[in-house]
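A.B. asks: Okay, here's the structure, questions in a sec.
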Amino acid sequence: MQSLLQHANPAILSLSPYQPGKPIDELERELGISNIVKLASNENPLGPSPHGLAAANRTMAECHLYPDGGGFQLRQKLAARHQVDMAQITLGNGSSDLLEFVVRSFVTPADEVLFSQYSFAIYPLVTQAAGGIGIAAPARHWGHDLTAMAERITPRTRVIFIANPNNPTGTWLDGDSLQAFLAQVPPSVIVVMDEAYFEYAHYPAMGAAGYPDTIPWIARYPNLVVTRTFSKAFGLAGLRVGYAISHPTIADLLNRVRPPFNVNAPALAAATAALDDHEHLEISLAENHKGMLKLQQAVAAMGLTAIPSVTNFICMDMAQPARPLYDALLREGVIVRPVANYSMPNHLRVTVGTLEQNQRFIAALQRVLG
Ligand SMILES: Cc1ncc(COP(=O)(O)O)c(C=O)c1O
């Protein structure tokens with residue numbers, strides 16, 4: 001085996017793969033139980049946009065053909081929606097694809113990539129895979145400390161990742177703080193604003209006053225790359241489609257590393273239709289807000305605390321090692337997400353589910369806490 005790995009890329013050899021939330025099927029196989037509730041991957045519990053689903057289904061009769069590699073219709077719709085040029089848009093197989101394209105385009109071995117402590121696990125992974133050096137700035141109140149981040153910019157910094165809102169903590173940054181930060185970043189350093197949970201934070205009832213739409217800022221900060229996804233509020237996680245909006249020069253680079261046909265035909269059609277499905281989005285956001293309040297109340301009633309979140313998940317401090325509680329919840333048929341891999345061993349991250357799913361989780365947690 002040694003000889004097979006002799007010439008393997010050392011950066012890849014030492015890589016620990018991303019750990020997704022436990023799939024329902026896997027728990028069914030392991031414990032032989034059914035009626036499982038999965039609140040582990042921040043998916044939309046109401047399901048896909050019905051218009052998106054219908055559009056995806058319509059493509060199936062033509063699945064012997066390659067999809068439109070340029071994703072014309074989706075890019076056209078996104079360009080109109082965000083009032084940018086089509087040449088500014090890059091499509092990804094999920095927005096995680098785009099995070100990787102940025103690193104592949106700008107990071108060579110020994111370059112630095114800056115992100116925050118307790119931020120999305122993909123950032124250090126894609127950095128390491130490219131041979132780059134990940135620099136984690138200390139967090140403040142579990143969220144990004146932009147002062148600490150600015151202090152860590154060096155001549156070797158190539159990319160800065162900011163998740164707004166942040167996963168796994170659900171924290172967010174306001175527009176004024178972000179603009180003050182951007183003004184300090186050298187124009188040659190790429191800043192990725194990862195807005196996977198944009199729609200939730202932007203929803204007024206969530207109370208994230210001052211949460212910005214950063215896409216119009218690209219005109220002022222051409223080093224800004226904004227990424228968004230159809231995996232969360234639009235309910236299309238299984239189809240894998242996300243997008244980046246950037247200066248056309250950056251988009252051109254990202255499109256060079258983008259594999260051909262990286263977004264499949266059902267995904268393109270579903271995303272295009274889902275953008276016009278305002279009803280599904282509105283219901284999803286309203287239900288999420290109600291569910292969030294319910295979970296926050298339940299946490300408080302159990303004498304626990306949670307990190308304030310403006311997303312579709314909430315990170316709870318169990319005040320004890322969370323792993324045994326996670327295992328006990330699995331036996332109750334409830335899958336949540338342990339976050340010890342983020343150095344948060346006492347926390348569990350829980351996706352806001354339907355009313356019924358939230359009640360199942362709360363009842364199960366009450367039982368496992370005794
Ligand atoms: C902060 C953040 N960014 C990006 C993603 C990637 O999502 P996707 O690749 O499904 O678009 C996620 C997924 O959980 C996330 O939490």
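The values are calculated or read from the model by the stated rules, or taken from the named source; none is laboratory data. Quantities reported herein were computed from a predicted structural model and do not represent experimental measurements. Ideal geometry is used to build each Cβ from the backbone, glycine not excepted, and the neighbour counts take in all protein chains shown. Remember, those area values only see protein heavy atoms, side chains included, never the ligands or the DNA or RNA. Shrake-Rupley method; radii C 1.70, N 1.55, O 1.52, S 1.80 Å.
A.B. asks: Would you pick out the residues in the stretch 280-306 that are of a type outside the set (S, T, N, Q), under 19 Å from Pro204 (Cα atoms) and touching a residue at least 40 places away in the same chain (Cβ under 8 Å)?
C.D. replies: Correct list: His280, Leu281, Ile283, Leu285, Ala286, Glu287, His289, Lys290, Gly291, Met292, Lys294, Leu295.
A.B. asks: Between a residue in the stretch 69-80 that is among the basic types (Lys, Arg) and any residue that is in a helix (DSSP H, G or I), which pairs come within a Cβ distance under 6 Å, given they are 6 or more apart or on different chains?
C.D. replies: Arg75/Met86; Lys77/Thr272
A.B. asks: (1) in a loop (DSSP other than H, G, I, E, B); (2) of a type in the set (S, T, N, Q); (3) surrounded by 13 or more Cβ atoms within 10 Å (Cβ to Cβ): which one isn't true of Ser188, the others all being true?
C.D. replies: Unmet condition: (3).
A.B. asks: I've got another one for you. Residues that are hydroxyl-bearing (Ser, Thr, Tyr), at pLDDT 95 or above and open to solvent by less than 20 Å² (accessible area, probe 1.4 Å): list the strands (runs of 3 or more DSSP E) wholly contained in the stretch 225-344 that include at least 2 such residues.
C.D. replies: Per the criteria, no element qualifies.
A.B. asks: Inspect all residues belonging to the stretch 193-210 and state whether any of them is more than 24 Å from Leu293 (Cα to Cα) and among the aliphatic types (A, V, I, L, M).
C.D. replies: Yes, some residue in the stretch 193-210 is more than 24 Å from Leu293 (Cα to Cα) and among the aliphatic types (A, V, I, L, M).
A.B. asks: Mind listing whichever residues of the stretch 83-95 are within 19 Å of the chain's Cα centre (by Cα) and either of a type in the set (Lys, Arg) or not in a loop (DSSP other than H, G, I, E, B) (or both)?
C.D. replies: Ile89, Thr90, Leu91, Gly92, Ser95
A.B. asks: While we're on this one: Restricting the stretch 96-137 to residues that are within 22 Å of Ala148 (Cα to Cα), assigned to a loop (DSSP other than H, G, I, E, B) and touching a Lys or Arg at 6+ places or on another chain (Cβ under 8 Å), which is farthest from the ligand (Cβ to nearest atom)?
C.D. replies: Top of the filtered list is Ala110.
A.B. asks: Can you say whether Thr169 is assigned to a loop (DSSP other than H, G, I, E, B) and either under 16 Å from the mean Cα position of the chain (by Cα) or among the acidic types (Asp, Glu) (or both), as far as the supplied structure shows?
C.D. replies: Yes; evaluated as a whole, the condition is true for this residue.
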